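Trainee: Following this message is one structure expressed as C-alpha cells.
The values are calculated or read from the model by the stated rules, or taken from the named source; none is laboratory data. Predicted, not measured: the structure shown is a model, and the values here were computed from it. Glycine also receives a Cβ, built like all others from the backbone with ideal geometry; neighbour counts cover every protein chain displayed. Side chains are part of the model used for accessible areas, which takes the heavy atoms of the whole protein and leaves out ligands, DNA and RNA. Shrake-Rupley method; radii C 1.70, N 1.55, O 1.52, S 1.80 Å.
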Amino acid sequence: MKPQKLFYILLAIWVLADLLQAIFTPVHADEAYYALYGRFLDWGYYDHPPMVALLTALSGALFKGNLSIRFATVLLHGGTVWLVWITLPHKTLTNKDVWTFFAIASSLVMFSAYGFITTPDAPLLFFTALFFYLYKHYLNTPTWPLAFALGVTLAAMLYSKYMAVLVAGFVLLSNLKLLKDPKVWIAVLLSALLFVPHILWQINHHFPSFQYHLLGRNTGFRMQYLLEYFPNQLLVFNPVCLCLALYFCWKRRKTDDLFERAGIFTIAGFILFFWIMTVKGHAEPHWTVAASIPMILLLWQELRNEQWHKWLMRGIVPIVGVLLIFRIIAPILLSNHSLNAFGNPHKYDVIHEYCGKTPAIFVGSFQEPSLYHFYTEEDALLISSVYNRQTQFDLWQLDKTIQGKPAYIINTNVYDRGPKAGFDLIEKDEIAFYLHKTESFQGTNRIQVAIDQYRVANDSLYLDLTLSNPYETDFVFNNPEFPITLHVVYLRNSDCYPITCPIGFDMVIPAGGSLSCKTVVKYIPDAPIVICLDNIVNRSVNSKPLKLKQ
C-alpha cells in the first residue's frame, strides 16, 4: 500500500474514533458553557475570543445532544492532523513514516483530547497548524498571497485564543530578519485590522477578558505552582515525547534551518514562558498545548533515524495503548457523578421536575446553569457574588429579564448546617439541593453603587453613596421576601471582610432611577473596598473597587 493511501485510511479512522468519542463521552461543564456562547454570538466573551462560540453554533445548527457542541471540533481536528502531515517533507516516504506520525500524534495527550472536546484550544491548534504550513512555504517563496494568508491566519488564531500571540512572537524571535520584510508588516497590519471588531467589543465592555487573564488570575507566588509545573507538562504531552522534544530542541539549537528554528523556539518558548509565569499564580497545564504542532513536526523528523525510532516504539507505543484503553472506558469513568466537571443528567432532570418552564436561577458557579440548559433546554442563569469570579453571565445580564417575575432559585451546595433562610431542602433519588420559589424575583446584581465621597475619621469610614436602579421595577429594601442589607466589604489577601452598613430600611429606588444615602462603618486600613448588596440569594458586587486614602 502506498504511504499516502495509508495516511488517509488512518486519518479516516482517527476522525471516526473522535466522532464516536464525542458522542459517548459526557459533556464537560466548560463545553456546556461554550454552547451558551453559541446561542449569543458576539465579537467577544468574558473568558475567551469568539471562535469557540462559532464552533458550537455551527454544531448546534446541525445536531442535538453531544454533537451539538462537538461536531465541528471533530472535523476541525481532522483538518489539524492533515495540515501537520502535509507540512512534513514527503521525499522517500515509507509506510513506517506514516505509522510513526500517527504514533506521535496519538500519544500527545491533550492534542488527542481536543479532537473531541470543544474548547478554544481546538481552533487554536488548527490555525497554529495552518500558520506553520503557510510559514514554511513563505520561507521558500515569500509572495504577497502567502503574506496575506499568514495575516488572515494570525487573526484567526487570535480569535481562537490569546495564546496565539506567543506562537507568532516565538516564530518572529526565531527569525528576526522578518522585521525587515515589508510583506510581514503588511500581514501583521492585516491581522490587526481583522481583529479590530474584538478590540472594539473589549472597549465597549471595559476590557473584561484582559482584566481577567492579566490581573484576575494573579494569586501570587507559591512554591507549589513552581514545583507542579513540569509534572503537569509531562501529562499534557507525555513523558517520552516531552523529554525527547526538549532534548532535540537543545541538540538542534544552532540549526540554520529557519523553519526548524521556528519550531524549536515555539516548543521551548511555551514551556519556559509559562514556567516563568508561575511566579504570579497557577499556570493551567493545557496552556502550552499549541506547542504540540511543532513538537510533532520536530519529533517526526528526528525519529526517522533508526536508532531513535527504536526508542520511540519502546516508549510511545505503550503510552498510545494506555490512552486507547482510557478512551474506550472514558465514557463510563466520566459518567461518575462525583466528578463535578462532568454533568449528571439525572440531577438536572430532577431539578427540572420542580422548575418546569419557569427560569432557574443558580447560585454558585457558571457550570450549573450551563449544564442545566444543555440537558433540559430550559432557561437558566447565574447569580454571581463577591465570593465568585465574574463570568459571561454578568455581561449577558439575563437576570434583568426576570426581575419582578416568577423564578426558581437553586443552590446545589448542600451543607450539614441546613438550608439558608427561605430555602427548602429537596432530596430525591440521591439528588439534593436547596430550592426557593418566588412569584416576583428581586435580584441585586445590576444595582449600581457609586461612592461619591468618603472620609476617614476616628477609625470610622464615612461614605456618601448614590444607588442606581436599571431594572424596570422598583427596588425595595424592605421587600418581605428579599430584604436587602448593604455592606462594605474589605478585600485583603484574596479574603473578604464584610461590615453591615446602617441605612434606612424603608428605602426604595424607583425603576430606572436613583437615590443618595450616607452611612458609616468601621475603617480597616490598607484594604480596598467594594459595596455589596445582600439578600437571601447572594451578596452581589455593586461598586467598583476603591483603594482608600486617609
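Trainee: Which net charge results for the neighbourhood of Ala17, defined as the other residues with beta-carbon distances under 14 angstrom from its beta-carbon, given Lys and Arg at +1 and Asp and Glu at -1?
Mentor: +1
Trainee: Measure nothing fancy, just the Cα-based angle from helix 306-333's long axis to the longest principal axis of the chain, in degrees from 0 to 90, nearest 10.
Mentor: The two axes meet at around 30 degrees.
Trainee: Under 12 Å from the Cα of Lys522, which aspartates and glutamates turn up, not counting those fewer than eight places away in the same chain?
Mentor: The qualifying aspartates and glutamates are Asp459.
Trainee: Let me ask something else about it. Evaluate the distance, in nm, between pseudo-label points positioned 7 Å from the Cα of Ile199 and of Phe505 along their respective Cα→Cβ axes.
Mentor: If labels sit at Ile199 and Phe505, their model points lie 5.4 nm apart.
Trainee: Sort 453-466, 37-50 by the packing proxy (mean of other Cβ within 10 Å over each peptide's residues), most packed first.
Mentor: Ranked by mean Cβ neighbours within 10 Å, highest first: 37-50, 453-466.
Trainee: Where a Cα-Cα gap under 28 Å defines reach, which lysines qualify for Lys518, not counting those fewer than 8 residues away within the same chain?
Mentor: Lys400, Lys544, Lys547, Lys549
Trainee: Round to a whole number: what % of the accessible area of the chain belongs to carbon and sulfur, probe 1.4 Å?
Mentor: For the chain, the apolar C and S fraction of the accessible surface comes to 63 percent.
Trainee: Taking only DSSP H segments of four or more residues, each worth -39500 (n - 2.57), what value at 222 nm results for the chain once the sum is divided by all its residues, to the nearest 500 deg cm²/dmol?
Mentor: Calculated at 222 nm, the ellipticity per residue is -15500 deg cm²/dmol.
Trainee: Which stretch or stretches of region 145-188 have amide N atoms under 17 Å from the point lying 7 Å from Leu139's Cα along the Cα→Cβ direction?
Mentor: Label zone hits: 146-147, 150, 167-181, 184.
Trainee: Another question, then. State, in angstrom, two size descriptors of the chain derived from its alpha carbons: Rg to one decimal place and Dmax to the nearest whole number.
Mentor: For the chain, the Cα radius of gyration and maximum Cα-Cα distance read 26.7, 88 Å.
Trainee: Counting only heavy atoms of the protein chains, get the accessible area per residue of region 416-533 (1.4 Å probe) and round it to a whole Å² value.
Mentor: Result: 52 Å² per residue.
Trainee: If each residue of separation counts as 0.36 nm, what is the full-extension length gain between Asp459 and Glu481 once their alpha-carbon separation is subtracted?
Mentor: 4.4 nm
Trainee: Over region 64-160, what is the relative contact order in percent, taking alpha-carbon pairs closer than 8 angstrom and at least six residues apart?
Mentor: 36 percent
Trainee: Antiparallel as a % of all DSSP beta bridges within region 300-451, to the nearest 5?
Mentor: Rounded to the nearest five, the antiparallel share is 60 percent.
Trainee: Also, quick follow-up: Give the separation of the Cα centroids, region 277-304 to region 348-369, in Å.
Mentor: 39 Å
Trainee: Can you order the peptides 369-381, 348-360 by their average number of other Cβ atoms within 10 Å per residue, highest first?
Mentor: Those peptides, ordered most packed to least, come out 369-381, 348-360.
Trainee: Let me ask something else about it. Tell me, what HN-Hα J-couplings in whole Hz come from the Karplus equation 6.51 cos²θ - 1.76 cosθ + 1.60 at θ = phi - 60° for each residue of region 279-290, using x for Gly and Pro?
Mentor: 5, 10, x, 5, 9, 4, x, 6, 4, 8, 4, 4
Trainee: Could you let me know the centre-to-centre spacing of region 444-460 and region 495-550, using Cα atoms, in angstrom?
Mentor: That distance is 6 Å.
Trainee: Specify whether the C-alpha gyration tensor of region 129-254 places it in the rounded, prolate or oblate class, a ≥ b ≥ c being the square roots of the eigenvalues: rounded for a/c under 1.5, otherwise prolate if a/b is larger than b/c and oblate if not.
Mentor: oblate
Trainee: Can you compute the charge dipole magnitude of region 351-402 about its Cα centre, using +1 on each Lys and Arg Cβ and -1 on each Asp and Glu Cβ, nothing else charged? Give it in debye, rounded to the nearest 20.
Mentor: Once rounded to the nearest 20, the dipole reads 160 debye.
Trainee: Continuing with this model, one more query. Count charges around Ala53 for me, please; just the other residues with Cβ under 15 Å from its Cβ, Lys/Arg as +1, Asp/Glu as -1.
Mentor: That works out to -2.
Trainee: Still on this model: Counting only C-alpha contacts under 8 Å and six or more residues apart, can you give the relative contact order of region 261-317 as a whole percent?
Mentor: Taking the mean separation of contacting Cα pairs over the length of region 261-317, I get 37 percent.
Trainee: Hey, another quick one. Under a 1.4 Å probe, what is the accessible area of region 244-394 per residue, stated in Å²?
Mentor: It amounts to 46 Å² per residue over region 244-394.
Trainee: Under 8 Å for C-alpha pairs, at least 6 residues apart: give me the relative contact order for the chain, rounded to a whole percent.
Mentor: 12 percent
Trainee: Follow-up question, since we're still on this one. With θ taken as phi - 60° and the coefficients 6.51, -1.76 and 1.60, list the Karplus ³J(HN,Hα) couplings across region 240-250 in order, rounded to whole Hz; mark glycine and proline as x.
Mentor: 5, 5, 5, 5, 5, 4, 5, 5, 5, 4, 5
Trainee: Calculate how many DSSP beta bridges within the chain are antiparallel, expressed in % of all such bridges and rounded to the nearest 5.
Mentor: 85 percent
Trainee: To the nearest 10 degrees, how steeply does helix 29-39 sit against the main Cα axis of the chain, on a 0 to 90 scale?
Mentor: 80 degrees
Trainee: Under a plain spin-label model, where a point goes 7 Å from the Cα along Cα-to-Cβ, how far apart in nm are Ile332 and Asn413?
Mentor: Calculated label separation equals 3.5 nm.
Trainee: Another question, then. Any idea how far apart Asp256 and Leu189 come out in nm if each label point goes 7 Å out from Cα toward Cβ?
Mentor: In this crude spin-label approximation the distance works out to 3.4 nm.
Trainee: Another question, if that's okay. In whole angstrom, note down how far apart the Cα centers of region 108-129 and region 1-67 are.
Mentor: Using only Cα atoms to place each centre, the spacing works out to 9 Å.
Trainee: Let me ask something else. Starting from the Cα of Lys405, draw a straight line to each of the lysines and keep only those under 23 Å, dropping any in the same chain fewer than 8 residues away.
Mentor: Lys357, Lys420, Lys437
Trainee: I need the phi-derived Karplus couplings for region 122-127: 6.51 cos²θ - 1.76 cosθ + 1.60, θ = phi - 60°, integer Hz, Gly and Pro marked x.
Mentor: Working through the residues one at a time gives 5, x, 4, 4, 4, 6 Hz.
Trainee: Phe126: accessible area at probe 1.4 Å, nearest 10 Å²?
Mentor: Phe126 has an accessible surface of roughly 40 Å² with all protein chains in place.
Trainee: Given a 1.4 Å probe, how much area per residue of region 1-152 is accessible, in Å²?
Mentor: Roughly 38 Å² per residue, with all protein chains present.
Trainee: When a/c reaches 1.5 or more, the comparison of a/b and b/c decides; with that in mind, is region 35-163 rounded, prolate or oblate per its Cα gyration tensor?
Mentor: oblate
Trainee: Here's a follow-up. Provide the packing ranking of 438-445, 2-9, i.e. peptides ordered by the mean count of other C-beta atoms within 10 Å per residue, highest first.
Mentor: 438-445, 2-9
Trainee: About the Cα centre of region 443-484, how large is the charge dipole given +1 on each Lys and Arg Cβ and -1 on each Asp and Glu Cβ? Please answer in debye to the nearest 20.
Mentor: Computed charge dipole of region 443-484: roughly 100 debye.
Trainee: Using heavy-atom solvent-accessible surface (probe 1.4 Å) with all chains present, what is the largest-first order of Arg261, Arg314, Arg253?
Mentor: Sorted by accessible area, descending: Arg314, Arg253, Arg261.
Trainee: Is the C-alpha gyration tensor of region 432-526 telling us rounded, prolate or oblate? Criteria: a/c under 1.5 is rounded; beyond that, a/b larger than b/c is prolate, otherwise oblate.
Mentor: Cα axes put region 432-526 in the oblate bin.
Trainee: What's the extension gain from Val520 to Gln550 if we count 0.36 nm per residue and subtract their Cα-Cα distance?
Mentor: 9.3 nm is the gain from fully extending Val520 to Gln550.
Trainee: Moving on to the next point. Can you compute the FRET efficiency between Leu172 and Leu234 using 1/(1 + (r/R0)^6), with r the Cβ-Cβ distance and R0 = 30 Å? Round to the nearest 0.05.
Mentor: For R0 = 30 Å, the calculated efficiency reads 0.60.
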